[in-house]
Amino acid sequence: MTKQTTDPVGKSVPRIDAYDKVTGAVQYVDDLQFGPGLYYGKLVHSPHAHAIIKKVDVSKALAVPGVKAIVTGEDTPHRMGLYMQDRYIFARDRVRYYGEPVAGVVAISEEIAEQAAKLVEVEYEVLQPVFDPYEAAQPDAPLLHPDMAEYQWPPFIFPEPGTNISEHFKLRKGKVTDEGVDPEVWAQCAAIVEKTFRLPQIQHVPIEPHVAVARWDLSGEVTLWSPSQSPFAQRDLLAQGLGIPHGNVRVISPYVGGGFGGKAGISIEANVVVMAKAVKGHPVKVRMTREEEFFCTNVRQSLYAHTKIGCDKDGHVLAMETAYYFGGGGYNDYGVNIARAAGYSCTGPYSIPNVKGDSHSVYTNTPIGSAMRGFGMPEIHWGIEQIMDRLADEIGMDPAEFRRINCVKTGDTILTGMKMPAVDLVQCIDKVTEAINWGKEEPPSAPHKKRGKGIAIMWKAPAMPPNPGSSAIVRFNEDATVNVYVGAQDIGQGAFTVAAQMAAQVLGIPYEWVRVSVNPVDTKYSPYEWQTVASRITWSMGNAVRAAANHARTQILEIVAKYWDEDPADLDIKNGVVISYKSEREQPLKKMVVYGLPNENYEGWQGGPIIGSGKFMPTYVTNLDPDTGQGARAVVHYTVGAQAIDLEVDTETGEVEILKIASAYDVGKAINPDLVMTQIEGGAVHGMSSAFEGMFFDENGRLKNPSLVDYKIATAMDIPKEIHGDIVETPLEDGPWGARGVGEHVMVQTAPAIANAIYNATGVRFDDLPLSAEKIYRAIHAQEEQEQ
Amino acid sequence: MLHEITLNVNGELHIVPVKSHHTLLTVLREQLGITSPKRGCENGECGACTVLYDGKPVNSCMVLAVEAEGHVIETVESLAKNGELHPLQKSFIEHNAVQCGFCTPGMLMSAKGLLAENPHPTEEEIKHALAGNLCRCTGYVRIIDAIKDVADHS
């Protein structure tokens with residue numbers, strides 16, 4: 001303990017988990033040792049995108065020496081789901097995507113399980129699949145869930161049984177009917193742009209593939225080890241899906257090797273628990289191969305968006321009509337809530353007086369579309385941010401100025417009728433345009449290259465139920481070091497580090513005195529946390545940590561005040577010492593925080609071991625009208641930001657080289673500025689990469705590129721030459737020290753910013769993702785031919 | 001079929017029975033308990049399992065364990081000496097080059113291999129050396145900075 005960082009909030013202290021991560025000491029699930037009693041499992045996947053299961057015959061597979069058990073849909077009669085309870089853990093009557101688990105084989109080795117899995121015989125009656133979300137939403141589309149009316153869902157979700165639509169969110173604001181915005185409003189527009197955009201499904205590609213180990217004890221206690229963003233949500237789903245008490249389910253989650261939303265909710269974990277039930281007392285491990293990771297775990301949804309926006313001659317946006325159809329995949333995990341979030345934020349970060357928005361989640365015969373970094377927002381911003389650019393172009397206004405005029409500002413009544421909490425998006429725009437020499441034409445590096453600049457802005461609210469809770473505990477040790485307990489997960493974003501900073505700040509002790517005792521997160525011992533998703537942890541967990549630390553601090557001050565016969569209001573804790581501003585007395589925390597303080601002549605003692613607990617839950621989110629999406633408070637808050645990009649397009653190859661990405665986000669308060677910067681940098685590269693990524697299926701729904709060779713993510717060779725970040729701090733009313741989240745926002749608008757820069761460079765626009773060198777090359781040359 | 005082989009890992013000799021088809025990665029992780037090389041793709045595509053093999057970075061998922069006999073294998077576990085972190089480890093901490101940490105051991109071993117061969121690489125040479133090590137969190141920026149810092153100060 002040589003270095004002592006006092007008042008650490010706002011300081012770039014080193015990550016609390018870094019030492020263990022650079023020495024190889026950190027254990028991920030696959031690193032845990034389970035001894036020779038460990039069994040292994042393999043899933044049997046559906047080879048069809050849509051089919052009726054006629055018969056499952058496991059007899060040949062069961063006969064393989066070393067096979068211990070095989071489970072099928074027969075063993076999983078209860079429907080389960082995060083929002084819509086729409087799936088069986090193993091498919092029963094029907095399969096709805098290529099790769100869906102149909103059976104699970106448990107054996108003494110992974111090799112035996114894999115061989116036996118090939119011997120499970122399943123007879124299918126193949127049905128017509130549907131992949132495109134817009135086609136799937138049509139009345140004559142093949143129906144994936146004929147029994148939808150029987151499913152259970154929460155009251156804020158509006159499915160349409162008898163169709164493939166699992167959620168339809170309606171937003172109506174201003175002069176608008178179900179038919180659309182009033183024609184008189186459109187008549188006032190000097191420019192109107194109407195376009196259709198398509199985005200493919202993409203994959204999170206965490207470097208750690210999904211893995212789960214489960215053990216079902218003879219006593220009925222179930223333990224699941226999984227790299228999870230949602231240990232408590234998994235416990236809840238498992239207890240419900242298996243019909244056992246929550247207290248009998250224990251989810252243990254050590255560090256997560258990359259989440260990005262893919263390890264939120266539930267994917268293979270429930271399958272592994274059911275497999276373990278068949279061999280009680282033995283832990284069973286199932287590891288996804290990289291190939292399985294692509295088609296058998298959750299992915300980002302596809303989107304079909306049809307959007308029309310108009311503005312007057314001065315650049316004021318007057319009207320918007322938009323219809324979003326998210327390709328939800330065979331089942332919903334987060335899917336319905338993604339469509340809902342895209343509905344209540346359907347305008348993007350703009351104040352628009354007249355809006356008709358319809359956002360749908362649609363079942364499609366593709367892998368399960370679920371949460372991915374910023375869910376719903378990167379998808380809808382792709383189209384919105386290109387239309388805004390086109391409108392600015394049409395009326396002859398600078399696209400950055402167009403955004404300054406129209407972007408949401410503090411106190412605006414936004415599309416749902418809610419007042420916009422304090423943010424400064426204009427400052428974000430100013431920062432990125434300044435960083436990139438906006439408006440200054442700069443020469444390309446070679447005659448066959450074209451250089452251009454583009455901008456895009458964004459907003460995103462934490463998309464979640466109205467009342468997700470966090471809790472925390474702080475516990476003093478004899479030497480006044482502190483253990484902080486949270487149920488939040490560190491998925492790389494630095495949650496444990498900021499938890500330690502916040503606790504130290506409140507308790508008046510150096511950062512170095514805090515240990516975060518959450519590895520692993522263990523639902524049996526950790527305080528409750530809804531999920532590590534939605535960029536809500538710094539804000540929500542942070543408030544809980546602050547409350548817990550305040551609880552402990554109050555106890556300490558009361559004990560010492562009583563001891564000194566002073567008022568607690570005159571006392572403070574500085575650098576591990578209680579001080580009185582009145583009497584100038586001092587009392588080190590050391591020892592007293594556990595042993596208390598002796599009375600004079602040791603005639604009795606005061607105090608005792610200090611433990612603080614705290615919680616946080618937003619209590620103010622209101623219901624939205626199902627026909628209009630209007631309500632007093634749709635969400636807790638929004639984080640906003642801007643990105644500007646300077647790039648070159650090689651006209652001979654179609655390749656894009658990003659020279660600079662400048663990002664600015666309003667984070668309220670940077671608890672650890674350098675960790676915010678690492679999110680901004682990593683997000684810029686993730687966002688850039690996402691513009692070039694796509695999952696491609698053949699006509700039978702089989703994924704054609706389930707490998708890192710055929711599905712490319714950005715490597716060190718691909719990154720922008722320069723990545724610039726700015727932090728804007730407009731405090732959030734109920735954020736700890738004013739903080740709000742930024743983990744997801746950093747990639748939301750990167751793809752459209754790139755597209756706008758490509759347009760600026762080449763004059764060519766792209767409505768569909770992914771961008772590819774081939775597509776860009778062809779478009780540039782098609783345009784040149786047209787011009788000739 | 002089982003083969004009894006001697007593996008030289010982090011300066012220690014291990015006599016270990018291995019199956020013909022098992023990779024060095026599998027034997028390191030599951031028989032020797034050396035878990036810093038991570039299993040990310042088992043196909044030589046992600047670099048999370050990178051170890052030094054006679055001083056050169058290789059994907060341990062692409063080496064059969066039986067082939068590794070007689071070669072010198074180094075993993076992240078060998079970097080810190082007498083409780084003192086290796087300069088690369090220190091630099092990774094100082095530059096916040098670590099997020100989820102899953103790619104970190106492979107990155108460190110690729111970096112060590114690079115600096116052994118080329119003590120003062122350019123930024124382009126560093127990027128090239130890391131091209132086979134995927135990271136989804138950091139955007140590589142801090143990893144490159146951390147390696148450059150060590151190279152500049154050695």
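Residues checked against (1) more than 30 Å from residue A:534 (Cα to Cα); (2) among the acidic types (Asp, Glu):
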position: A:683; (1), (2): no, no
position: A:699; (1), (2): yes, yes
position: A:723; (1), (2): no, no
position: A:726; (1), (2): no, yes
position: A:748; (1), (2): no, no
position: A:786; (1), (2): yes, no
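For the range A:236-270, filtering for residues that are among the small types (Gly, Ala, Ser), part of a loop (DSSP other than H, G, I, E, B) and over 16 Å from residue A:206 (Cα atoms) leaves 1. Residue-level check: of (1) away from chain A (no Cβ under 14 Å); (2) in contact with a Ser or Thr (Cβ under 6 Å, 6 or more places away or on another chain); (3) buried (at least 24 other Cβ atoms within 10 Å of the Cβ), residue B:68 misses just (2).
To keep it simple, each residue is scored yes or no on (1) in contact with a strand residue (DSSP E or B) (Cβ under 9 Å, 6 or more places away or on another chain); (2) of a type outside the set (Val, Ile, Thr).
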position	(1), (2)
A:3	no, yes
A:6	yes, no
A:9	no, no
A:14	no, yes
A:21	no, yes
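For the range A:152-190, filtering for residues that are over 30 Å from residue A:365 (Cβ atoms) and not aromatic (Phe, Trp, Tyr) leaves 17. For the range A:170-218, a tally of residues being not in a loop (DSSP other than H, G, I, E, B) and not aromatic (Phe, Trp, Tyr) returns 26.
Each residue in the range A:578-601 was checked for being open to solvent by 30 Å² or more (accessible area, probe 1.4 Å), touching a residue at least 40 places away in the same chain (Cβ under 8 Å) and outside any helix (DSSP H, G or I), and 3 pass. Only a single item in (1) open to solvent by 40 Å² or more (accessible area, probe 1.4 Å); (2) free of Cβ contacts under 8 Å to residues at least 24 places away in the same chain; (3) within 9 Å of chain A (Cβ to nearest Cβ) is not met by residue B:82, and it is number (3). The set of residues from the range A:659-688 being surrounded by fewer than 23 Cβ atoms within 10 Å (Cβ to Cβ), in a strand (DSSP E or B) and touching a helix residue (DSSP H, G or I) at 6+ places or on another chain (Cβ under 9 Å) comprises just one member, A:660. On the basis of being within 16 Å of the chain's Cα centre (by Cα), over 29 Å from residue A:290 (Cα atoms) and more than 11 Å from chain A (Cβ to nearest Cβ), does residue B:74 make the cut? It is false that residue B:74 is within 16 Å of the chain's Cα centre (by Cα), over 29 Å from residue A:290 (Cα atoms) and more than 11 Å from chain A (Cβ to nearest Cβ).
Only residues that are under 18 Å from residue A:464 (Cα atoms) and aromatic (Phe, Trp, Tyr) were counted in the range A:304-361, giving 3.
Taken over the range B:138-154, residues that are open to solvent by less than 10 Å² (accessible area, probe 1.4 Å) and not aliphatic (A, V, I, L, M) amount to 3. Residues in the range A:691-718 that are open to solvent by less than 20 Å² (accessible area, probe 1.4 Å), within 18 Å of residue A:771 (Cβ to Cβ) and within 11 Å of another protein chain (Cβ to nearest Cβ): A:711, A:713, A:714. Considering the conditions (1) open to solvent by 50 Å² or more (accessible area, probe 1.4 Å); (2) within 20 Å of residue A:492 (Cα to Cα); (3) more than 9 Å from chain A (Cβ to nearest Cβ), residue B:90 is excluded by exactly one of them, (3).
With respect to residue B:119, determine if the residue is more than 13 Å from the chain's Cα centre (by Cα), of a type outside the set (A, V, I, L, M, F, W, C) and more than 21 Å from residue A:723 (Cα to Cα). For residue B:119, the condition - more than 13 Å from the chain's Cα centre (by Cα), of a type outside the set (A, V, I, L, M, F, W, C) and more than 21 Å from residue A:723 (Cα to Cα) - is met. Restricting the search to the range B:38-65, which residues are surrounded by 18 or more Cβ atoms within 10 Å (Cβ to Cβ) and of a type in the set (A, V, I, L, M)? B:48, B:51, B:52, B:58, B:63, B:65, listed by residue number.
Going by the conditions given, is residue A:704 without any contact (Cβ under 8 Å) to a residue 12 or more places away in the chain, closer than 22 Å to residue A:379 by Cβ, charged (D, E, K, R) and assigned by TED's automatic domain parsing to the domain that holds residue A:379? Yes; evaluated as a whole, the condition is true for this residue.
Check A:277, A:263 and return the single one that is modelled with pLDDT of 95 or more, charged (D, E, K, R) and open to solvent by less than 10 Å² (accessible area, probe 1.4 Å).
Criteria check complete, one pass: A:263.
Looking at A:4, A:27, A:33 in this structure, which one is within 14 Å of another protein chain (Cβ to nearest Cβ), more than 29 Å from the chain's Cα centre (by Cα) and among the polar types (S, T, N, Q)? Outline the logic, then answer.
On the way: A:4 fails: within 14 Å of another protein chain (Cβ to nearest Cβ); A:27 fails: more than 29 Å from the chain's Cα centre (by Cα).
It is A:33.
If the condition is being among the small types (Gly, Ala, Ser), more than 10 Å from chain A (Cβ to nearest Cβ) and in contact (Cβ under 8 Å) with a residue 60 or more places away in the chain, then the range B:111-143 contributes B:113, B:116.
Would you confirm whether any residue within the range A:33-45 is touching a Phe, Trp or Tyr at 6+ places or on another chain (Cβ under 8 Å) and within 30 Å of residue B:96 (Cα to Cα)?
At the first step, the residues of the range A:33-45 found to be touching a Phe, Trp or Tyr at 6+ places or on another chain (Cβ under 8 Å) are A:45.
Right, trim to within 30 Å of residue B:96 (Cα to Cα) and you get none.
Checked against the condition, which is being touching a Phe, Trp or Tyr at 6+ places or on another chain (Cβ under 8 Å) and within 30 Å of residue B:96 (Cα to Cα), the range A:33-45 yields no hits at all.
Among the residues of the range A:727-750, is there at least one that is open to solvent by less than 50 Å² (accessible area, probe 1.4 Å), farther than 30 Å from residue A:506 by Cα and not hydrophobic (A, V, I, L, M, F, W, C)? Within the range A:727-750 (the criterion being open to solvent by less than 50 Å² (accessible area, probe 1.4 Å), farther than 30 Å from residue A:506 by Cα and not hydrophobic (A, V, I, L, M, F, W, C)), the answer is yes, since at least one residue qualifies. If we scan the range A:40-57, do we find a residue that is within 14 Å of chain B (Cβ to nearest Cβ) and either in contact with a helix residue (DSSP H, G or I) (Cβ under 8 Å, 6 or more places away or on another chain) or touching a residue at least 24 places away in the same chain (Cβ under 8 Å) (or both)? Yes, some residue in the range A:40-57 is within 14 Å of chain B (Cβ to nearest Cβ) and either in contact with a helix residue (DSSP H, G or I) (Cβ under 8 Å, 6 or more places away or on another chain) or touching a residue at least 24 places away in the same chain (Cβ under 8 Å) (or both).
So how many residues does the range B:35-50 have that are within 11 Å of chain A (Cβ to nearest Cβ) and closer than 24 Å to residue B:115 by Cα? Walk me through how you get there before you give the answer.
Start the filter on the range B:35-50 by keeping residues that are within 11 Å of chain A (Cβ to nearest Cβ), which leaves B:35-49.
Okay, now just the ones that are also closer than 24 Å to residue B:115 by Cα, so B:35-38, B:44-49.
Number satisfying all stated conditions: 10.
Picking from residues in the range A:457-482 that are touching a residue at least 40 places away in the same chain (Cβ under 8 Å) and among the hydroxyl-bearing types (Ser, Thr, Tyr), the one that is surrounded by the fewest Cβ atoms within 10 Å (Cβ to Cβ) is A:471. Within the range A:68-85, the set of residues being touching a strand residue (DSSP E or B) at 6+ places or on another chain (Cβ under 7 Å) and open to solvent by less than 20 Å² (accessible area, probe 1.4 Å) comprises A:69, A:71, A:72, A:73, A:76, A:80, A:81, A:84.
Only one entry of A:627, A:572 meets the criterion of being more than 28 Å from residue A:481 (Cα to Cα) and either open to solvent by less than 60 Å² (accessible area, probe 1.4 Å) or in a loop (DSSP other than H, G, I, E, B) (or both), and that entry is A:627.
The values are calculated or read from the model by the stated rules, or taken from the named source; none is laboratory data. Since the structure is predicted, the reported quantities are computational estimates derived from the model, not experimental observations. Neighbour counts run over all protein chains shown; Cβ positions are idealised from the backbone, glycine included. The area values use the complete protein model at the heavy-atom level, side chains included, leaving out ligands, DNA and RNA. Shrake-Rupley method; radii C 1.70, N 1.55, O 1.52, S 1.80 Å.
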